[in-house]
Amino acid sequence: MNFRFDIIIEYAPFLLKGTLLTIGLSFAGIVIGTVLGLFIGLGNMMKNRLLALPFKWYITFFRGTPLLVQILLIHFGVVTFFIDGTNAIAAAIIALSLNAAAYIAEIFRAGIQSINKGQMEAARSLGMTHVQAMRYVILPQAFKRMIPPLGNEFIVLIKDSSLASIVVAPELMYWVRNIQGQYFRVWEPYVTAAVIYLILTLTLSYVLNRLEKRLTTE
């Protein structure tokens, strides 16, 4: 097999731009998805079943349908409802965030429910409100247990961001497909993409492992 490095060198500036956009899409999805996931997870845990129902439906929909379908629906339906035309980057960020929020909501729910109920009762007996007890007692303990599954979700999100290329968001896979289309070669672009994604995921795994170890030693 003759691996043509000259093709990768030629497209290196575009691959760099695509990688930076991939990181940006993933970071936005992680931040927005985490914030939404926390509120959706708390909403899903409400004792009033009627109030919790919309949150359960949300989780069911976004976990039960393919992310690719969600991106297409948001790109051609939701985004065009608010602006004149389409915006691939906005559609990708919205879709990744909403999808991640559904999974992160379940991670928060499982993490919070793993804390002994006596912790909440003890906090309330000290005069804390439910919100204060959740903020200062329950969530800090639960967060330590949620780091591994949250880390897995963040890694999945980085890889899932490649689906944004289907709506022509100029992230990494968009330029990889351009290389394949121009030169009709698959090894060079896809091996390069695999290496870049591997570097991104390994870096994130390293950071999360360091964070987990630091929190467990405190």
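No lab work stands behind these numbers, since they all come straight from the coordinates. Everything numeric here is computed off the predicted structure, so don't read it as measured data. Heads up, the Cβs are rebuilt from the backbone with ideal geometry, glycines too, and the neighbour counts pull from every protein chain shown.
Can you sort Thr80, Thr129, Thr34 so the residue with the fewest Cβ neighbours within 10 Å comes first?
Sorted ascending by nearby Cβ count, the order is Thr129, Thr80, Thr34.
Please report Leu96, Leu53 as a ranked list, fewest other C-beta atoms within 10 angstrom at the top and most at the bottom.
Leu53, Leu96
Going by C-beta contacts inside 10 Å, put Trp175, Trp187, Trp57 in order with the fewest on the left.
Listed from fewest to most nearby Cβ atoms, that is Trp57, Trp187, Trp175.
Mind pulling the angle between the C-alpha long axis of helix 187-217 and the longest principal axis of the chain? Nearest 10 degrees, somewhere in 0 to 90.
Between the helix axis and the principal axis of the chain, the angle is about 20 degrees.
Pull out a ≥ b ≥ c, the square roots of the eigenvalues of the alpha-carbon gyration tensor of the stretch 13-76, then state rounded if a/c is under 1.5, prolate if not and a/b is larger than b/c, and oblate in the remaining case.
Since a/c reaches 1.5 but b/c is at least a/b, the shape of the stretch 13-76 is classed as oblate.
How many nm separate the modelled label positions at Ile9 and Val35, each set 7 Å beyond the Cα in the direction of the Cβ?
4.5
Specify which labelled value, from (1) 59; (2) 53; (3) 48, agrees with percent of Cα pairs over 22 Å apart derived from the coordinates of the model shown.
The value computed from this structure is option (1).
Between Ala90 and Val69, what is the spin-label point distance in nm, taking each point 7 Å from the Cα along the Cα→C-beta axis?
Taking the simple label geometry, Ala90 and Val69 are separated by 2.5 nm.
If I build a Gaussian network model for the chain, linking alpha-carbon pairs within less than 10 angstrom, which residue out of Ala101, Ala123, Ala52 has the largest mean-square fluctuation?
Top of the fluctuation ranking is Ala123.
Tell me what the chain gives for mean residue ellipticity at 222 nm when only DSSP H runs of n ≥ 4 count, each as -39,500 (n - 2.57), the sum divided by the residue total, rounded to 500 deg cm²/dmol.
Rounded to the nearest 500, it is -26500 deg cm²/dmol.
In the stretch 1-41, which residues have a backbone nitrogen under 19 Å from the label point lying 7 Å from Tyr183's Cα in the Cα-to-Cβ direction?
Counting only backbone N, you get 1-19.
Could you size up the charge dipole of the chain around its Cα centre, putting +1 on the beta carbon of Lys and Arg and -1 on that of Asp and Glu, and report it in debye to the nearest 20?
Dipole about the Cα centre, nearest 20: 800 debye.
From the Cα gyration tensor of the stretch 89-189, with a ≥ b ≥ c the square roots of its eigenvalues, which class applies: rounded if a/c is under 1.5, or else prolate if a/b is larger than b/c, or else oblate?
prolate
First select every other residue whose beta carbon is under 13 angstrom from the beta carbon of Leu139; then total the charges, Lys and Arg +1, Asp and Glu -1.
+4
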